[in-house]
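**Student:** Below is a structure I'd like to ask you about.
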């Protein structure tokens, strides 16, 4: 298991019984530096006679004694909850746990991983701005950046995650405001070189934002390698049971917005919609998350239902144990596939012969994730037939679940991409994405074998 050294930083959030979380406040020092313990104990510390599990505050609104006090809440001059669309005590408790796991300064939950990635970028990008992004990212995120955000006037240059430093440098423009990538790309399983991308981003005075969904904070701690902000689709391993959609954003608190004030006026100049609040000055290390909450969550309303956050929070308690089993199973299955001549190729960073093996050992020494990509020759029909013959392994538009599942990305999640874009994303028409669950590895292998015997 990972032994994560949690940095002593402030968090925006504390236990919900205090109900004072609109403005950032200091969190008590963690009781452990081990991430698997934080999975269980982090985020919520009950007082005497209080519930051992976080309460579910399934409420839209909160009561106050005076209209003047309510006015101060809307001015961000006083802490407190007033509407769950912006913040909710249950949501914030789980955000605090994830923040503690990542070693961040502040965090927030969103209604989905897609919302988290959109908020993370749009929080600092405006019409006329530019993003540098890895081309090997989840198809939905690629479409978000390449199509939807372009409609909003935000341009993007996509670069190969394997690009040279010179090629990466050439992608930047004077109006570049962020660099984006995935710690382990979905589904190509390319491991991002954090330091290369972080160094380039910082030379140009912009933050590096990384989607850390696949390895989770159990196996990967991007802040240690210069990453400034991480996002998660909590729908995946963090929930791990296919029960609730959600997302998270965690800010390291390390990027100095005021040092690059001209690039980020939304953080460094007064916000007229909140009576002149200047986030970077008034909220310190929590500035970025406060702005994302006060502006974007206010206006877009992509808030998770408290019950979904609570369910995900309960499942987070077993994340350390589950990730160990996911990685163990994936290693055995990858070795089986790699030894079978009917399989064209296998991509899994845990295999010694994998292109990203050494990079994974550098950034994720305790393991990567439970996802494997492999190739089946014969075209779309052959790949589809293989998936149709699985008995235990489910065909599902999902990944990172306790139950094993498989998908044909070129025909589903990445279907909107052109063949050229598929190639850039590392998603060939022969690629099968297999997510190894926490079943017995022998049973996963047996199901693969019987399907391969029938089709290949």
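Quick note: the coordinates plus some simple rules give every number you see, no bench work behind them. Keep in mind it's a predicted model, so treat the numbers as computed, not measured. Glycine gets a Cβ as well: all are built from the backbone with ideal geometry, and neighbour counts include every protein chain shown.
**Student:** For the pair residue 328 and residue 32, what calculated FRET efficiency results from E = 1/(1 + (r/R0)^6), where r is the Cβ-Cβ distance and R0 = 30 Å, to the nearest 0.05?
**Tutor:** On the way: r = 23 Å, r/R0 = 0.78.
Step by step, r from the Cβ atoms, then E = 0.80.
**Student:** I've got another one for you. Please determine, in degrees from 0 to 90 and to the nearest 10, the orientation of helix 89-102 with respect to the longest principal axis defined by the Cα atoms of the chain, where the helix direction is its Cα long axis.
**Tutor:** 60 degrees
**Student:** Of the peptides 313-322, 170-179, how do they stack up when ordered by the mean number of other Cβ atoms within 10 Å, highest first?
**Tutor:** 313-322, 170-179
**Student:** Between residue 418 and residue 170, how many nm apart are label points set 7 Å from Cα along the C-beta direction?
**Tutor:** Result: 1.9 nm between the two label points.
**Student:** Let me ask another. Can you tell me the 0 to 90 degree angle between the C-alpha axis of helix 379-388 and the longest principal axis of the chain, rounded to 10?
**Tutor:** 80 degrees
**Student:** For the pair residue 272/residue 443, report the inter-label distance in nm, with labels modelled 7 Å from Cα in the Cβ direction.
**Tutor:** Taking the two extended label points, one gets 6.2 nm.
**Student:** Same structure, new question: When each pair of different Cα atoms in the chain is counted once in the 1/r mean, what is the Kirkwood radius in angstroms, to one decimal?
**Tutor:** After inverting the mean inverse Cα-Cα distance, the result is 22.4 Å.
**Student:** Roughly how many nanometres apart are two label points built 7 Å out from the Cα toward the Cβ at residue 148 and residue 382?
**Tutor:** Going from the residue 148 label point to the residue 382 one covers 3.6 nm.
**Student:** So for 35, 432, 343, fewest C-beta neighbours within 10 Å to most, what's the order? Intermediate results must be reported in sequence, preceding the final value.
**Tutor:** Numbers: 35 27, 432 21, 343 18.
Ranked by crowding around the Cβ, least crowded first: 343, 432, 35.
**Student:** A further question follows. Between residue 160 and residue 254, 0.36 nm times their residue separation minus their Cα-Cα distance comes to what?
**Tutor:** 31.2 nm
**Student:** Output the 0 to 90 degree angle, nearest 10, between the alpha-carbon long axis of helix 194-203 and the longest principal axis computed from the alpha carbons of the chain.
**Tutor:** On a 0 to 90 degree scale, this one is about 40.
**Student:** If each residue's Cβ is checked for other Cβ atoms within 10 Å, how do 282, 211 rank with the fewest at the top?
**Tutor:** Arranged by neighbour count, lowest to highest, 282, 211 become 282, 211.
**Student:** A further question on this structure: In whole angstrom, and with the biggest value first, how far do the Cα coordinates of segment 321-455 range along each principal axis?
**Tutor:** 36, 32, 27
**Student:** Let me ask something else about it. Under the definition of Cα pairs under 8 Å and six or more residues apart, what whole-number percent is the relative contact order of the chain?
**Tutor:** Numbers: 988 pairs, mean separation 73.8, N = 456.
Across the chain, relative contact order equals 16 percent.
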